[in-house]
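For reference, the structure discussed in these notes is given below.
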Amino acid sequence: MKKIYTISIMLVLFAAINFAQEVKDKVKFSGLMFGDYFYNISNVDGNQQNLNGFQFRRIYFTADIAVAESFDARFRTETDQSANSNTGGGKLGVMVKDAYLKWKGIFSGSDLVLGISPTPAFDISENAWGYHSLEKTIMDLNGIVSSRDFGVDLKGKIINDGTVNYWIKIANNSSNGPESDKYKRYYALVQVKPVDGLQATVYYDYAAKADVNDAFDKTSKPNNVFVAAVFLNYQLKSDFAFGFEAFSRNIQNGYKTTGALIDQKTMGFSLWAWVSLVDNFRLVARYDSYDPNTDLDNDKTTLLLAGLDYKIAKNVSIIPNVEIFTPQTVTNTNGSTASSNLQGRVTVAFTF
């Protein structure tokens with residue numbers, strides 16, 4: 001009887017080892033976490049003055065799966081401590097960030113992606129910036145385009161050596177959520193990499209939306225959205241990098257004046273750079289200018305960010321940094337006299 005038990009246990013262990021090896025061969029797990037200790041040095045809202053604490057601003061857990069010879073899949077969850085992500089009880093909530101199947105080489109030099117996946121809007125510029133742990137890129141930060149959408153992508157090389165690439169996408173325009181209407185968003189991007197370290201992208205998208213009624217002249221008018229953007233980036237190995245990103249958005253009949261509806265035009269640009277000082281130390285700086293409505297004279301904002309990245313280990317950074325957010329017109333509340341929001345942080349970011 002003991003021999004039977006022993007053999008049974010050995011068979012179970014053998015099967016478990018084989019299964020673990022098969023999972024190891026087919027599934028790669030990875031993750032990212034960043035958060036900080038923050039202190040609001042000044043704020044236009046007096047209730048936010050001197051607010052400080054510890055927070056997680058992003059947690060990713062990712063499974064990349066080798067489904068078959070020509071098919072890969074990704075499943076990624078995201079967690080943060082923002083009000084929109086927390087559960088009803090105020091706990092950390094978890095949502096699906098990515099869930100897609102990739103058909104590699106559907107034809108020469110191109111892949112097909114189906115599911116919840118990145119949009120072309122700023123995926124390349126965000127990877128080049130490399131400091132999502134400090135701040136989102138300008139279009140992401142201001143909600144111009146979602147970072148994810150549920151749809152189908154075709155992306156690949158226009159020139160075989162990879163110096164000119166393309167990315168097109170048709171999707172729900174509902175981010176990670178379910179579809180709620182019949183309208184879709186159409187994305188397109190071209191990337192050019194003429195020499196080592198230099199890249200540029202040109203981006204455009206069109207979001208179809210339902211018409212809106214204009215109360216002024218009692219007519220139905222289009223309310224579609226058009227976004228255009230350019231990105232330029234140069235990186236010299238691990239020594240230095242800079243990036244420039246600019247965009248414009250036009251919402252048809254999106255702005256209500258004293259008369260009939262008119263188009264709402266939004267513009268912004270971001271300029272950033274980092275430079276390696278000595279081993280494991282890097283200085284990071286960024287400046288954003290954002291104008292949500294070019295027909296208004298008092299709604300512009302600027303963002304200034306600076307930090308010192310100390311890479312304490314290969315995949316671990318400690319980054320003391322400061323962020324200054326300045327509105328063009330300041331409305332102080334709750335006894336504040338501040339002209340901007342000044343926040344100091346010590347950010348810790350790591351991948352695994």
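Work out the charge dipole of the chain with +1 on the Cβ of Lys and Arg and -1 on the Cβ of Asp and Glu about the Cα centre, then indicate which of 154, 47, 63 is farthest towards its positive end.
63
In whole Å, largest first, what are the principal axis extents of the Cα atoms in region 201-352?
65, 45, 27
Name the residue from 114, 130, 190 whose Cα lies farthest towards the positive end of the charge dipole of the chain, charges +1 on Cβ of Lys and Arg and -1 on Cβ of Asp and Glu.
Checking the options against the dipole of the chain, the answer is 114.
Over region 168-257, what per residue volume does the convex hull of the Cα atoms give, in whole Å³?
Working: hull volume 11.8 nm³, N = 90.
Dividing the Cα hull volume of region 168-257 by its residue count gives 131 Å³.
For region 89-106, in order, what is each residue's ³J(HN,Hα) by Karplus, 6.51 cos²θ - 1.76 cosθ + 1.60 with θ = phi - 60°, in whole Hz (x at glycine and Pro)?
Listing the rounded values in order: x, x, 8, 4, x, 10, 10, 7, 8, 10, 7, 8, 10, 10, 9, 6, x, 4 Hz.
Could you please state, rounded to a whole Å, how far the C-alpha centre of region 104-118 is from the C-alpha centre of region 22-101?
Between the Cα centre of region 104-118 and that of region 22-101, the gap is 25 Å.
Can you pick out the pairs among 97/136; 136/300; 28/193; 155/193 whose Cα atoms lie more than 20 Å from each other?
Those over the limit are 28/193.
Compute the relative contact order of region 155-206 as a whole-number percentage, counting only Cα pairs closer than 8 Å that sit 6 or more residues apart in sequence.
30
When only Cα pairs under 8 Å and 6 or more residues apart are kept, what is the percent relative contact order across region 181-326?
On the way: 349 pairs, mean separation 19.7, N = 146.
After rounding, I find 14 percent.
Rounded to the nearest 20 Debye, what is the dipole magnitude of the chain about its Cα centre when Lys and Arg each give +1 and Asp and Glu each give -1 at the C-beta? Walk me through the numbers before you get to the answer.
Working: 35 positive and 36 negative charges, 227 e Å.
Using Cβ point charges on Lys, Arg, Asp and Glu, the chain gives about 1080 debye.
What's the Cα-based Rg to Rh of region 106-207, Rh via Kirkwood?
Reported Rg/Rh (Cα atoms, Kirkwood Rh): 0.98.
Distance in nm between label sites at residue 180 and residue 52, each 7 Å beyond Cα in the beta-carbon direction?
Roughly 4.0 nm, to one decimal.
With the Cα gyration tensor of region 133-187 in hand, give its eigenvalues times 5 under a square root as the equivalent ellipsoid semi-axes, listed largest first in whole angstrom.
Here the semi-axes work out to 24, 19, 8 Å.
Which value, in nm² and rounded to one decimal, describes the direction-averaged projected area of the C-alpha convex hull of region 97-156?
4.4
Taking 8 Å as the Cα distance limit and 6 or more residues as the minimum spacing, I'd like the relative contact order of region 47-148 as a percentage.
18
Just for the Cα atoms in region 296-352, what are the lengths along the principal axes, largest first, rounded to whole Å?
That gives 46, 27, 18 Å along the principal axes, largest extent first.
Quantify, in whole percent, the carbon and sulfur part of the accessible surface of the chain (1.4 Å probe; protein heavy atoms only).
It is 62 percent, rounded to a whole number.
Given a cut-off of 25 Å, what percent of all Cα-Cα pairs of region 43-175 lie beyond it?
37
Cα centroids of region 288-337 and region 181-255: how far apart, whole angstrom?
Here the answer is 22 Å between Cα centres.
Return the aspartates and glutamates within reach of residue 221: Cα separation strictly under 17 angstrom, same-chain partners fewer than 8 residues apart disregarded; answer none if there are no such residues.
211, 263
Using only helices, what value at 222 nm comes out for the chain when you add -39,500 (n - 2.57) per DSSP H run of length 4 or more and divide by the total residues, to the nearest 500 deg cm²/dmol?
-3000 deg cm²/dmol
Report Rg/Rh for region 221-271, rounded to two decimals, where Rg is the Cα radius of gyration and Rh the Kirkwood radius. Don't jump to the answer; show the numbers that get you there.
On the way: Rg = 16.8 Å, Rh = 13.1 Å.
With Rg and the Kirkwood Rh in hand, the quotient comes to 1.28.
Taking the highest mean first, how do the peptides 142-149, 279-286 order by number of other beta carbon atoms within 10 angstrom per residue?
Ranked by mean Cβ neighbours within 10 Å, highest first: 142-149, 279-286.
Over the alpha carbons of the chain, what is the largest minus smallest coordinate on each principal axis, giving the biggest first in Å?
89, 50, 48 Å, listed from the longest principal axis down.
The values are calculated or read from the model by the stated rules, or taken from the named source; none is laboratory data. The model shown is predicted, which means the values in this text are computed figures rather than measured ones. Glycine gets a Cβ as well: all are built from the backbone with ideal geometry, and neighbour counts include every protein chain shown. With ligands, DNA and RNA removed, areas are computed over all heavy atoms of the protein, side chains included. Shrake-Rupley method; radii C 1.70, N 1.55, O 1.52, S 1.80 Å.
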